[in-house]
1. Taking 7 Å along the Cα-to-C-beta vector as the label spot, tell me the ASP27-ASN55 distance in nanometres, rounded to one decimal.
2. Cβ under 13 Å from SER83's Cβ, SER83 left aside: what net charge do those residues give with Lys, Arg +1 and Asp, Glu -1?
3. Of the peptides 79-89, 147-157, 132-142, how do they stack up when ordered by the mean number of other Cβ atoms within 10 Å, highest first?
4. What do you get for Rg/Rh over the range 92-175 if you use C-alpha atoms and the Kirkwood form of Rh?
5. Full extension from LYS116 to ASN144: what is 0.36 nm times the residue separation minus their Cα-Cα distance, to one decimal in nm?
6. What length, rounded to one decimal in nm, is gained on full extension from LEU96 through to THR72, with 0.36 nm per residue of separation minus their alpha-carbon distance?
7. Go through LEU96, LEU48 and list them by solvent-accessible area, largest first, probe radius 1.4 Å.
8. Quick one: which residues, 5+ away or cross-chain, put their amide H under 5 Å from the amide H of ARG132? H built at 1.01 Å from N.
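The values are calculated or read from the model by the stated rules, or taken from the named source; none is laboratory data. As the structure is a prediction and not an experimental result, all values here were calculated from the model. Ideal geometry is used to build each Cβ from the backbone, glycine not excepted, and the neighbour counts take in all protein chains shown. Calculation scope for accessible area: heavy atoms of the full protein, side chains included, ligands and nucleic acids excluded. Shrake-Rupley method; radii C 1.70, N 1.55, O 1.52, S 1.80 Å.
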Amino acid sequence: KVFYKQWFNFLIISKFIKQVFSIHNMDPQTIQTVEEIIGHTFFKKELLVSALTTNAYLEEHKKDMYPEKDITHYKILEPIGDSVLDLIVTSELSKLNRNLNDMEKARNKDRYVAEKNLHDIAKRKGLNNYLRMGNGEIKKDIKNNKKICDALVEALIAAVYLDSIDSDGKVDMKE
């Protein structure tokens, strides 16, 4: 009787561990590597995983996902990252040169936030290699697409931003 109880407990624990790993479907080493690349250790790992996940991947693996975890896809995070990036760049440009008029600030901001720059960041850092894609996306090699890389970087910015909000609603983002 004790053996069966221990075996049952083992099966429950094994199932739980399998579910936890299927949530992220990323080994802890991969998560740590991406954290090192972007210079942020996530308190909420699901934000990082979501930023690296496409909708197609999520749809193909939803039966494997554990329902209590909030894993979404990068397109949900992208607009937040876009806004955060605009805010940061505009703020920094204003600090650097207070004499610029609004039109010059907008042009300079657009130059820094250009899709090409974000694509270059994703490729140079190798972030696009960690994108979790659906089977069709893998065949199309979307991880090298400029718009996808742009969205990936913006999603990662959003993930860092959301992970950096403390209990008082204050944000503490490093450079």
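1. In this crude label model, ASP27 to ASN55 measures out at 3.2 nm.
2. Around SER83, the surrounding residues sum to -3.
3. Highest mean packing first, the order is 147-157, 79-89, 132-142.
4. Rounded to two decimals, Rg over Rh is 1.08.
5. Gain on stretching LYS116 to ASN144: 8.9 nm.
6. 5.0 nm
7. Output order, biggest surface exposure first: LEU96, LEU48.
8. Amide H neighbours of ARG132, under 5 Å, 5+ apart: THR53, THR54.
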